[in-house]
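Contents: one structure, followed by commentary.
No value in this document is a laboratory result; all are computed from the given coordinates. Treat the numbers as computed from the prediction; the structure is a model and nothing was measured. Cβ placement follows ideal geometry from the backbone for every residue including glycine, while neighbour counts extend to all protein chains displayed.
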Amino acid sequence: MVKNLKGVIEMSSKANHAKTAICGIINVTPDSFSDGGQFFAVEQALEQARKLIAEGASILDIGGESTRPGSNYVEIEEEIQRVVPVIEAIRRESDILISIDTWKSRVAEAALAAGANIVNDITGLMGDEKMADVVAKTSAQLVIMFNPVMARPQHPSSQIFPRFGFGQVFTEEEFTRFEKLSIEELMDTFFAKALVKAEEAGIDRQNIMLDPGIGFGLTKKENLLLLRDLEKLHQKGYPIFLGVSRKRFVINILEESGFEVNSETEAGFRNRDIASAHVTSIAVRQGVEVVRVHDVASHKMAVEIASAIRQAELAEHVDLKQYK
């Protein structure tokens, strides 16, 4: 299997008419917002990895620290102890691309040594000043996420999140200026600074993907605007890595429309994934290269349908038979 993001995208394009690649999530945290920590044990995480791969995942994203609202900081050694055994276990039986979801350079370094290929940094290289050098030194692939929580920590939508990073990245003057920017302008400013860091460290631009940070300290409207205008992000010349699975704004839309959203009920839990898959369809229609999801099976279906529509000119003139 091709062990880089560019390879997965090209492989998908040549073999499957530019189908979006699916990144399956494995949270090895006892307080995960999405799976309740049920995959905390290595064997359970490995079983989940097998399931996600069988359902169609091209990438697995391993995370050892929850970033949900109200979550707490995890010490570096603890995070390493959570993710490294899982990565090693998966790598012993699969060549699938593995992403380490961390903003800490030492965790990333340990994960890459254990067999990970990608660093998914929700702080966009700004949370740990050594991260860019680790990525450059190892020639790892990199996901740079726009993090509104870091760019405007006093915003009401940011207040419920934990603080990311070891220090203050922006000056008070910058914070004041950011308050006057639209969300699109703020994202552009954030990415510009992050990409300069990547370039100065010597990270190959072909190894970089951009994540618009859906759900991180954004209002409902801001989430929707960024999703509506993904093509503008594509214009920067980088592939998009998008995470919308089970995000709060999706659940809010369902709730306001009268759908069951209580995750303790079968219908509520299922509805969250169905709605998330609909967002994936919209993203695929806009050419997003990778979607990061919890329920691979439902998103795989969305990818197949949306890709077929997006690549309609490549379809064959098949005379469809009547269903029995």
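When the convex hull of the Cα atoms of the chain is projected onto a plane and the area is averaged over all directions, what value comes out in nm²?
Details: hull surface 70.5 nm².
For the chain, averaging the hull's shadow over all directions gives 17.6 nm².
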Exposure proxy order (Cβ contacts within 10 Å, fewest to most) of 269, 216: 269, 216
Give a residue-ordered list of calculated ³J(HN,Hα) values for segment 231-244 (Karplus: 6.51 cos²θ - 1.76 cosθ + 1.60, θ = phi - 60°; whole Hz; x for Gly, Pro). 4, 5, 5, 4, 5, 6, x, 10, x, 9, 10, 10, x, 10
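Please give the peptides 58-70, 312-324, 86-98, 189-201 ranked by average Cβ packing (other Cβ atoms within 10 Å per residue), highest first, as a rough proxy for protection.
Details: 58-70: 21.8, 312-324: 5.8, 86-98: 18.7, 189-201: 17.2.
Per-residue Cβ counts within 10 Å, averaged per peptide and sorted highest first, yield 58-70, 86-98, 189-201, 312-324.
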Phi-based couplings in Hz for segment 165-182 (Karplus 6.51, -1.76, 1.60; Gly and Pro marked x): x, 8, x, 8, 7, 9, 7, 4, 5, 5, 4, 5, 5, 4, 4, 8, 8, 5
Choice from 71, 281, 99 with maximal GNM fluctuation in the chain (Cα, 10 Å cutoff): 71
Nearest 20 debye, what's the magnitude of the dipole of segment 5-243 about its Cα centre given +1 on Lys and Arg Cβ and -1 on Asp and Glu Cβ? 540 debye
If all Cα-Cα distances of segment 190-302 are sorted into 5 Å bins from 0 onward, what percent lands in each bin, rounded to whole numbers? 2, 11, 20, 20, 18, 12, 8, 5, 3, 1, 0
Please enumerate, by chain and number, the lysines with C-alpha under 30 Å from the C-alpha of residue 51, excluding those fewer than 8 residues away in the same chain. 3, 6, 14, 19, 104, 247, 300
Compare 55, 173, 78 in a GNM of the chain, Cα atoms joined below 10 Å, and give the one with the largest fluctuation. 173
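Mind giving me the FRET efficiency for residue 301 and residue 236? R0 is 30 Å, r the Cβ-Cβ distance, nearest 0.05 is fine.
Details: r = 30 Å, r/R0 = 0.99.
E(calc), rounded to 0.05, equals 0.50.
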Highest-fluctuation residue, 280, 123, 219 considered, GNM on the chain with Cα pairs under 10 Å: 219
Can you compute 3J(HN,Hα) from phi for each residue in segment 48-65, using the Karplus curve 6.51 cos²θ - 1.76 cosθ + 1.60 with θ = phi - 60°, rounded to whole Hz and x for Gly and Pro? 5, 4, 4, 5, 5, 5, 4, 7, x, 6, 9, 9, 10, 10, 9, x, x, 9
Along Cα→Cβ, 7 Å out, is where each label goes; now give me the distance between the ones at residue 225 and residue 44 in nm to one decimal. 4.0 nm
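What does the charge count around residue 52 come to, taking other residues whose C-beta lies under 11 Å from its C-beta (Lys +1, Arg +1, Asp -1, Glu -1)? If you can, show how the numbers build up before the last one.
Values: positive: 50, 51, 300; negative: 47, 55, 61, 295.
My count for the surroundings of residue 52 gives -1.
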Quick one: which residues, 5 or more positions from residue 100 or on another chain, have an amide H under 5 Å from its amide H? H modelled 1.01 Å from N in the peptide plane, none for Pro or chain starts. 62, 117, 118, 119, 120
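Around residue 285, under 14 Å between beta carbons, what's the net of Lys plus Arg minus Asp minus Glu among the other residues? It would help to have the intermediate numbers written out before the result.
On the way: positive: 19, 228, 310; negative: 229, 231, 289, 304.
Residues close to residue 285 contribute a combined charge of -1.
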Extension gain residue 185-residue 322, at 0.36 nm per residue separation less the Cα-Cα distance, in nm? 44.2 nm
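Which net charge results for the neighbourhood of residue 187, defined as the other residues with beta-carbon distances under 13 angstrom from its beta-carbon, given Lys and Arg at +1 and Asp and Glu at -1? Display every interim value, and only then the final one.
Details: positive: 152, 193, 232, 236; negative: 184, 185, 188, 211, 222, 229.
For residues surrounding residue 187, the net value is -2.
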